[in-house]
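Working notes, structure below.
The values are calculated or read from the model by the stated rules, or taken from the named source; none is laboratory data. The shown structure was predicted, so the numbers you read here are calculated from the model rather than taken from an experiment. Every residue, glycine among them, receives a Cβ derived from its backbone with ideal geometry; neighbour counts consider all protein chains shown.
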Amino acid sequence: MRRISILLLLIVLGCETMIEIDPPEYETELVATSHFSPDSIWSVTLHRSASIGVKQDVSDLYVEGASVKIISGTTLIDSLVHQGSGRYKSSASKYPLPETSYTLHIDVPGQSRLQASSSAPPRTLITDYGIELLGSIIEVPEPLGMYRIWIEFGDAPGTNMYSIGVYRFRPEQTLGQSVVPDSAYQREDRFVSIGPGWYCGFQSALEIDTEFRGGAGLGCEMLAVTDRYFDGQKHAWSATLELYTPADESYGKNELLLVLTSYSNDYVEYTRTLLENRESGPFLEPFSVYSNVDGGLGIFAGYTNTTVILPLTE
Amino acid sequence: MSRIFKKTYIEEMCLYPLTLNLYRISPVILFCYLVQVQVSIADCVSGNTSCPNVISVHHDRHHPSAGTGMNIDNANTVSGFVRDAESGENLTGASVYAPHYEIGTTTNRYGFFSLTLNADSVSLVISHVGYTPQIVHRQLEGDLRLNILLEPAIVDLDAVEIVADGSMLETLQMSEITLSVAQIETLPALAGEIDILKTLQLLPGVQSGTEGTTGLYVRGGSPDQNLILLDGVPVYNPNHLFGFLSVFNEDAIKDVSLIKGGFPARYGGRLSSIVELSMKEGDLNQYKGTASAGLVASSFTVEGPILKDQASFMVAARRTYIDLLALPFQIIGGGDSRGGYYFYDLSAKANYLVSEKDRIYLSVYTSHDRGYEREVYSSTEGKTSVSDELGWRNLTITSRWNRVLGSRLFVNTLIGVTRYRSRFQEEQGGINEVQHISFLSGITDGIGRIDFDFIPNPTHYIRFGFGSTIHSYHTGAFSERRSGTDVVPFDTLFTPDYLTRGLELHAYVEDKIRLTSRIAVNAGVHASNFSVKERHYRSIQPRIGVRFNLGAKTAAKMSFASMRQYVHVLTATSSASFPLDLWVPATDHVRPQEAIQLAAGLNRILGGGLYHLSVEGFYKDINHVIEYKDGTRHYDYTPSDNWQNRVTSGRGTSYGGELFIQKKRGRITGWAGYSLTKTNREFAELNGGRPFPHRYDRLHDVSLAIDWHWKESTKFAVIWVYGTGQAVWLPLGQSYGLLHEPILTSNNTAPIRIYGDRNSFRMPAYHRLDIAVHRTRELKWAKRQLSFGAYNAYNRRNAFVIQATEALPGNPEEQHLIFQRTTAFPIIPFVTYKLEI
């Protein structure tokens, strides 16, 4: 629907100029960011905000020398150590637990304490999953197969949000670092259909949008859904996607990883508002990013992955 | 010179016959009798004013009933209609004055008047702006029916233009400005498209929204708080082209009036203003028409008799050709993609004079805006397409029956419908799948009302009436349909509770009482009830207006009005009027909007009647206005959301002063207006509960509109406006957020805008000069007018919007935000050509 804005812009056909505006006095704030899950060690990034209009290298904004602690109840779980670029990590390789409430304490000399609390959701109970080859659809440039994959899982009562990602081991083409044991997984995104109720991307799943609503999702990296249609019930999901067949030796393993992620409300709200904030435009109302960090800005939010392995057959 | 001497002189002067053109003597008639302005000897001697022989009265001037009240035991009533002699159209607001008794009245919206006198004969002066006054003498042997035909004045540049001087002192209504379409047509306009609503923005107390748009922000109110009535029924979205043009074709409109405060009891349902537009009725005597062509649109008007002197019609139509102009470029560009935009509007009216006492009217208005684009993609497997369409429509149908009951009671019965619809739809046509999304919203009102004007004697003018409106609010029906061989069929309405019905009932009574020759009061009460989903809101809204005449040239006025509004609008954007704004009703959770307004002012005639000066101050308190909560946006629909969950309510105040000086006579006419206004809003859930400036809070607002009638055939017009910069809500700071990926850690950072207090920034001050030249030539068969000029003549780069944007998009390490200003309207020349047949 934001096309309307574009249409209006075309109509006014205005001239744009960069201008100098003296903004009101702005006092910078500390910004803490941590998305944690039971599959990754504790990690927090800390930086300062800056006045608008100031061209500043991001690296100048990173904050060092802070005391960053993870606490559960009254128990100190971990003290994170600065590893450069404002990133603080667990030196004891400690992992968060699902369904456990944690509090983040950050003390920077001369500043009041930053504090935030959140938890990672429980692992999702997957009751059924599978994959089947529907047929070979094209032979050029490589053998390509059309597969159907499915999964069934139980939804806990209350508002929940899920995403599904499909990954494939491919050591020669490591596009990212994975938290799964083998760190050479590549996202598969050639979805032909993504299942009723599922959307491409977080924002579309949270709102009614016009893009890829259960239809073709070619190029969609993250399939997402809210449980508004299956709150507290089992949900069966299936999709069809194109995959290069196992005959391609570059893959090494004949299997797919299907990762079902559930998110805390803090995570969802932060991501949603961050995406909205980025979409700032002349015909859109300003949109502030959600923060659960007292004394500063940023986010401390949990999420939980549940992974199944789908064997690929020719 | 003493006041007594002046008075005596004037009376004597008026008894002497002078042979003058009627329109030349009109000022003094008005000065002498309408408002008792004391004409100076110098004026009379010099010939600036003349002294007519118009009065023939057979009564004692010092009759105790004269000027204050009447002994109505032997009273006779003169009643009837005042009409245009050429076209037969009723004249609204014409003055009917009995000078010897120092009493008079004005015609109502349908041209009717009633004047009761304790006399056996009377002389009446009937006058109206732009018409030659007429004086009639009649013996009264009972009630008298008198229909007056006023001749349009012949403009003589060296003579004095005919104006109803003094009416501003005589009228009790304050904060009201009436403009004739003739005044509006002369002023320069954006792209040459004459716009009635934009002309209203030039009046003090009325602020424009974003540049170039037609939104009216009256005394700190929002556009939804204006009741815009076209022949008695509301028009909800008066915008073409996203608000850059109003939907009213000036060729179809007879006159327009604006009331900003001191609302009489007969009006209800909105907080901030009443804008009344009357369509032309159609010439009863002859066929005529106009055709005009401009840069954006062309229009034509046809009117004439259906039955001579009994029935007439008027049809006016206008269409833009933006789509047609764009089409060749799209064809040249090749490809299968097409896009375009057009609007049209159509006004039609017919009336039938059934009898001397009955007249019926039927008027229809419709408008449609449509923007569309369709992109087609071809591949070896076939074609796919994406098409978007955005459209909105207005429709009003009004039928009215005027009935004169006796000589003192006038009844108008109105049955009407108004409907506004907007729709956005998108269709993605794949090879094996079609997906269709649509969003439909709007409002439909069925209206019935009866209004009575009862004029028992000159000291009372009683209006009363009642009516009902059935509202159907379509608060956004969002649906999706999907079909095809590759997908599970899907057809869902995400917002099943999109339709809400409400019933609004109202009744009112008001009495305009002339307490003494100097003091008059209009007191009334408007009562209403709104029922929606088992909830009933009731309201008693007192209204009062008082006028004190302070001498012959000055009147002081005060008013108090309590208003209630049962409809809200949820607006999509701060910058333009989007057709997808939602009109929503008061509900269980969202209370009706309420306001009280106090106003006081002085009206004075200056320069021997050449200038009218009005100074007013006001204070307005508004309650239960709504806004979207933080963290929600108009376009972000979630299926589980009801709009009520996404809004929060608050209050607002507005106060200030306005100065308006108007010159209506001579070669140079026009006005200057200045407003000093402070407007803020306060919501417990917004801005940390702190008050913040309203979006269109503008401390200083200056407007100047001048017409210079240089020659018979040539006119110049100039508009200059200045305003404090618009309040905008911009980010103060920036940080870096993490768009996190749950599996792969190739996350990217993104600049985050950190917002401070709402509307804490100010755009640079706004100012603009528009100029127009009109050349008129009489042809044998028609009159043609060529108009040309420029909008924003000195090319001021006014800010349309200011936003924070990424300086180096795509480079995360160097991304930072800067402010960017968009100027929508640089200098825009225009030319229009108009033929009147």
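General remarks:
- Close pairs (9 angstrom Cβ cut-off, 6 or more residues apart or separate chains): under 30 Å from B:THR776 (Cβ atoms) in the stretch B:712-730, among the basic types (Lys, Arg) and surrounded by fewer than 17 Cβ atoms within 10 Å (Cβ to Cβ) anywhere: B:SER713/B:ARG775; B:SER713/B:ARG777; B:THR714/B:ARG775; B:LYS715/B:ARG775
- Members of the stretch A:58-86 found to be buried (at least 16 other Cβ atoms within 10 Å of the Cβ), modelled with pLDDT under 90 and out of contact with any Asp or Glu (no Cβ under 9 Å at 6 or more places or on another chain), listed by number: A:LEU61, A:TYR62
- Unique residue being among the β-branched types (Val, Ile, Thr), more than 11 Å from chain A (Cβ to nearest Cβ), under 27 Å from B:LEU503 (Cα atoms) and touching a residue at least 40 places away in the same chain (Cβ under 8 Å) when the list is B:THR475, B:THR459, B:THR444: B:THR475
- Some residue of the stretch B:341-356 being buried (at least 16 other Cβ atoms within 10 Å of the Cβ) and farther than 30 Å from B:ASP251 by Cβ: no
- Tally, over the stretch B:757-794, of residues that are closer than 18 Å to B:ILE827 by Cβ and not small (Gly, Ala, Ser): 12
- Residue among B:ILE450, B:ILE455, B:ILE513, B:ILE443 that alone is within 22 Å of B:ASP581 (Cβ to Cβ), in a strand (DSSP E or B) and hydrophobic (A, V, I, L, M, F, W, C): B:ILE443
- Residue within the stretch B:375-398 that is at positive phi and in contact (Cβ under 8 Å) with a residue 24 or more places away in the chain present: yes
- Filtering the stretch B:269-315 to residues that are within 30 Å of B:PRO585 (Cβ to Cβ) and of a type outside the set (A, V, I, L, M) leaves B:GLY269, B:ARG270, B:SER272, B:SER273, B:GLU276, B:SER278.
- In the condition set (1) touching a residue at least 60 places away in the same chain (Cβ under 8 Å); (2) away from every other protein chain (no Cβ under 12 Å); (3) more than 16 Å from A:GLY302 (Cα to Cα); (4) of a type outside the set (A, V, I, L, M), A:TYR102 is compliant with all but (3).
- Of B:ALA561, B:ALA599, B:ALA595, B:ALA572, all but one fail to be crowded, with 23+ Cβ neighbours inside 10 Å, at pLDDT below 85 and aliphatic (A, V, I, L, M); the exception is B:ALA572.
- Of all residues in the stretch B:718-734, those satisfying the criterion of being more than 11 Å from chain A (Cβ to nearest Cβ), buried (at least 21 other Cβ atoms within 10 Å of the Cβ) and under 30 Å from A:ILE52 (Cα atoms) are B:GLY723, B:GLN726, B:ALA727.
- In the stretch B:295-308, the residues that are of a type outside the set (A, V, I, L, M) and crowded, with 21+ Cβ neighbours inside 10 Å: B:SER299, B:THR301, B:GLU303
- In the stretch B:478-514, the residue that is surrounded by the fewest Cβ atoms within 10 Å (Cβ to Cβ) out of those that are more than 14 Å from chain A (Cβ to nearest Cβ) and free of Cβ contacts under 8 Å to residues at least 60 places away in the same chain is B:LEU499.
- The residues of the stretch B:125-180 that are of a type outside the set (Val, Ile, Thr), within 26 Å of the chain's Cα centre (by Cα) and modelled with pLDDT under 75, listed by number, are B:GLU161, B:ALA164, B:ASP165, B:GLY166, B:SER167, B:MET168, B:LEU169, B:GLU170.
- The set of residues from the stretch B:628-674 being within 14 Å of chain A (Cβ to nearest Cβ), modelled with pLDDT under 90 and in a strand (DSSP E or B) comprises B:TYR628, B:VAL647.
- Of the criteria (1) within 14 Å of chain A (Cβ to nearest Cβ); (2) among the basic types (Lys, Arg); (3) not in a loop (DSSP other than H, G, I, E, B), which one B:LYS715 fails: (1)
- Each residue in the stretch B:677-711 was checked for being within 22 Å of B:GLY656 (Cβ to Cβ), free of Cβ contacts under 8 Å to residues at least 60 places away in the same chain and under 21 Å from the mean Cα position of the chain (by Cα), and 2 of them qualify.
- Taking the conditions (1) among the basic types (Lys, Arg); (2) within 30 Å of B:MET763 (Cα to Cα); (3) part of a loop (DSSP other than H, G, I, E, B) in turn, B:LYS678 satisfies each one other than (3).
- The criterion of at least 3 residues that are polar (S, T, N, Q) is met, among strands (runs of 3 or more DSSP E) falling completely within the stretch B:102-156, by B:121-127.
- Looking only at residues in the stretch B:78-101 that are in a loop (DSSP other than H, G, I, E, B), of a type outside the set (A, V, I, L, M) and closer than 26 Å to B:GLU303 by Cβ, the one that is farthest from the chain's Cα centre (by Cα) is B:GLU86.
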